[in-house]
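Visitor: Mind looking over this structure? Questions follow.
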Amino acid sequence: MSDNIRTVKNATCTFCGCVCDDMELTVDMDEKKITKAKNACILGRAWFAEHSIENHPAAMIDGKEVSVNIAIEEAAQILIKAKFPITYGLSDTTCEAQRQAVAISDIIHGNVDTTTSVCHGPSGLAFQGVGESTMTLGEVKNRADLVIYWGGNPAESHPRHFTRYAVTPKGMYIPNGKKDRTVVLVDVRKTPSTPVADIFLQVKPGKDFELLWALRALVKGRNIDPNIEVITGISLETMTDLVNKMKNCRYGVLFFGMGLTMTRGRHFNSGALLALATDLNEFTHFVAKPVRGHGNVTGADNVVSWQTGYPFGVNFSRGYPRFNPGEFTTVDTLSRGEADAALIVASDPASNFPRAAIEHLHKIPVITLDAKQTETTQLAHVAFTTATYGINTGGTVYRMDDVPITLRPAFESPFPTDEEILIAIKKRVHELVLAKRGATGARSEAKVASQL
Ligand code: SF4
């Protein structure tokens, strides 16, 4: 280790949706390496330790190094010529970059979608259907005496969710931490999170909706057939006990994960859980919140929502935003072979999308912005290497409870930020659109300018 050491206090880990902002980073400024990440969990430590400045071109076309300006020109030409250009990803970059990506989609009358469509998209639909009784994680820490996790395994996916926010921390009205809380876990199998729970309910796979609906009925004082156990795997006695605990707690919270949103029932499951939280507010204070995965997927939801009115799966082909999951979500636009160009920002769909979608990605010009090399950057026609958000760039991210947090970068990167590249593409796309629509006069120019 060199003598050129810098300490960054209150830095933020952007590896998962907990977005812990109490990191103390020790940075070897000569080696450009983070040698220690105090307060980070095992995932956060790996995130910081594995970060290094890659010896890689900042821009490539078909695998050959080019200047960033040439790559921007090529990207803009592709997007402007496409009939159905799509933008996808966005959950691992800053809000400042996200807003530029939405603006580009708007200008080129394209499609914009985020990784929400393959994780908590059903929750996004459910929010619109039944609303959301919400909170911040600070409130949970200070007030929640009944904490229920449904369809998730935070011990492995969000290791500090228990220790920093919801289970063990002492709060203003929870002076003894875990001793003052009852923790319930609902899942289809035991996981490393199970030992944390005071009560574990093993629901039958695919029967979350039935269990949630039965709990709603009990909350409302309805009679339930004891045979509900045959359907859900949970006895009526256990359900009744849980409902009593829910009605009689001072502050209850339902956290839910993809074990609920991506199994049979999907948005009906999320809607049933949100409705249960709302029902319980007749008796006590009860809230619900999805446990989000990517570091700024919540920011993506917020930015796309405040710019278009919808959280994901938005299409601008008619000149105004339309929302239709299943039609304008990226798995679908690719699998049906509709998209004819793709701008992928900080995401790797080629490694986890269905085969038909990946095969189509191989057939169309793809533009990528990513800090690391991935299967998607490998197939890209135009690939930009960008700085890592949170470690090399400042900006804003949203924690999973919709609290915006300002990033404190550890050291500079030689690569441009996602925001810088997207601003340059937007500027060039704007010029090309004006040139293309020039014949229609000044009115169209004013319209495009108003979209920036
Ligand atoms: S819980 Fe998530 S945000 Fe917090 S340190 Fe671990 S990986 Fe980073």
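Visitor: Let's test the formula: R0 of 22 Å, r as the Cβ-Cβ distance of Thr163 and Asp198. What FRET efficiency results, to the nearest 0.05? Mind showing how you got there, number by number?
Guide: Details: r = 17 Å, r/R0 = 0.75.
Calculated value: 0.85.
Visitor: Starting from 0.36 nm per residue, how many nanometres of slack lie between Thr7 and Met262 once their C-alpha separation is accounted for?
Guide: Using 0.36 nm per residue and subtracting the Cα-Cα distance, I get 87.7 nm.
Visitor: Can you compute the charge dipole magnitude of the range 121-290 about its Cα centre, using +1 on each Lys and Arg Cβ and -1 on each Asp and Glu Cβ, nothing else charged? Give it in debye, rounded to the nearest 20.
Guide: 420
Visitor: Where a ≥ b ≥ c are the square roots of the eigenvalues of the C-alpha gyration tensor, would you call the range 121-290 rounded, which needs a/c under 1.5, or, failing that, prolate if a/b is larger than b/c, or oblate?
Guide: Here the range 121-290 falls in the rounded category.
Visitor: Continuing with the same structure: Given a 1.4 angstrom probe, what's the average accessible area per residue across the chain, in square angstrom?
Guide: 42
Visitor: By the gyration tensor of its Cα atoms, with a ≥ b ≥ c the square roots of the eigenvalues, what is the shape of the range 231-305: rounded for a/c under 1.5, prolate for a/b over b/c, or oblate?
Guide: On the way: a/c = 2.57, a/b = 1.54, b/c = 1.67.
Oblate, since a/c reaches 1.5 and b/c is not below a/b.
Visitor: While we're on this one: What full-extension length gain, to one decimal in nm, is calculated for Glu359 and Thr136 as 0.36 nm per residue of separation minus the Cα-Cα distance?
Guide: Separation in residues times 0.36 nm, less the Cα-Cα distance, equals 76.2 nm.
Visitor: Can you check what the net charge comes to around Cys41, using other residues whose Cβ is under 11 Å from the Cβ of Cys41 (Lys, Arg +1; Asp, Glu -1)?
Guide: With Lys, Arg at +1 and Asp, Glu at -1, the neighbours total +2.
Visitor: Label the range 301-415 by shape, choosing from rounded, prolate and oblate, from the square roots a ≥ b ≥ c of the eigenvalues of the Cα gyration tensor; if a/c is under 1.5 it is rounded, and otherwise prolate applies when a/b is larger than b/c, oblate when it is not.
Guide: It comes out oblate by the Cα gyration axes.
Visitor: Could you work out how much longer the chain between Lys372 and Asn176 gets when fully extended? Use 0.36 nm per residue separation minus the Cα distance between them, nm to one decimal. Each step should come with its number before you reach the end.
Guide: Details: separation 196, 0.36 × 196 = 70.56 nm, distance 4.32 nm.
That pair, Lys372 and Asn176, stretches by 66.2 nm at full extension.
Visitor: Kindly flag which residue pairs out of Lys178/Lys245; Lys179/Lys245; Lys220/Lys245; Lys179/Lys247; Lys38/Lys372 have an alpha-carbon separation exceeding 21 Å in this structure.
Guide: Flagged as over cut-off: Lys38/Lys372.
Visitor: Then there is this: Output ³J(HN,Hα) for the range 232-242: one whole-Hz value per residue in order, computed from phi by the Karplus curve 6.51 cos²θ - 1.76 cosθ + 1.60 with θ = phi - 60°, and x for Gly and Pro.
Guide: Working through the residues one at a time gives 9, x, 10, 6, 4, 4, 5, 4, 4, 4, 5 Hz.
Visitor: Using a 7 Å offset from the Cα along the Cα-to-Cβ direction at both Arg437 and Ile42, what is the distance between the two label points in nm, to one decimal?
Guide: That separation, rounded to one decimal, is 5.3 nm.
Visitor: Which ³J(HN,Hα) values, rounded to whole Hz and listed in residue order, are derived for the range 358-370 from phi using the Karplus coefficients 6.51, -1.76 and 1.60 in 6.51 cos²θ - 1.76 cosθ + 1.60 with θ = phi - 60°, glycine and proline given as x?
Guide: Each residue of the range 358-370 in turn: 5, 4, 5, 4, 5, 9, 10, x, 10, 10, 10, 10, 7 Hz.
Visitor: For Cα pairs less than 8 Å apart in space and 6+ apart in sequence, what is the mean separation divided by the residue count of the chain, i.e. the relative contact order in percent? Could you put the intermediate results ahead of the total?
Guide: Values: 980 pairs, mean separation 106.8, N = 452.
In percent, rounded to a whole number, it is 24.
Visitor: Per DSSP H run of n ≥ 4, the term is -39500 (n - 2.57); total these for the chain, divide by its residue number, and report the mean residue ellipticity at 222 nm rounded to 500 deg cm²/dmol.
Guide: That calculation yields -10500 deg cm²/dmol at 222 nm.
Visitor: Take the Cβ-Cβ distance between Asn244 and Glu327 as r, set R0 to 60 Å, and report the resulting FRET efficiency rounded to the nearest 0.05.
Guide: Working: r = 44 Å, r/R0 = 0.73.
The value I calculate is 0.85.
Visitor: Note down the net charge around Asp301, summing +1 for each Lys or Arg and -1 for each Asp or Glu among other residues with Cβ under 14 Å from its Cβ.
Guide: Working: positive: Arg99, Lys289, Arg292, Arg399; negative: Asp92, Asp113, Glu132, Asp401, Asp402.
Its environment carries a net charge of -1.
Visitor: Tell me, what % of the accessible area of the chain is carbon and sulfur with a 1.4 angstrom probe?
Guide: That fraction is 50 percent.
The values are calculated or read from the model by the stated rules, or taken from the named source; none is laboratory data. Quick caveat, the model's predicted, so the values are computed rather than measured. Here Cβ is always computed from backbone atoms with ideal geometry, including for glycine, and neighbour counts include all displayed protein chains. Please note that ligands, DNA and RNA were not included when accessible areas were found on the heavy atoms of the full protein model with its side chains. Shrake-Rupley method; radii C 1.70, N 1.55, O 1.52, S 1.80 Å.
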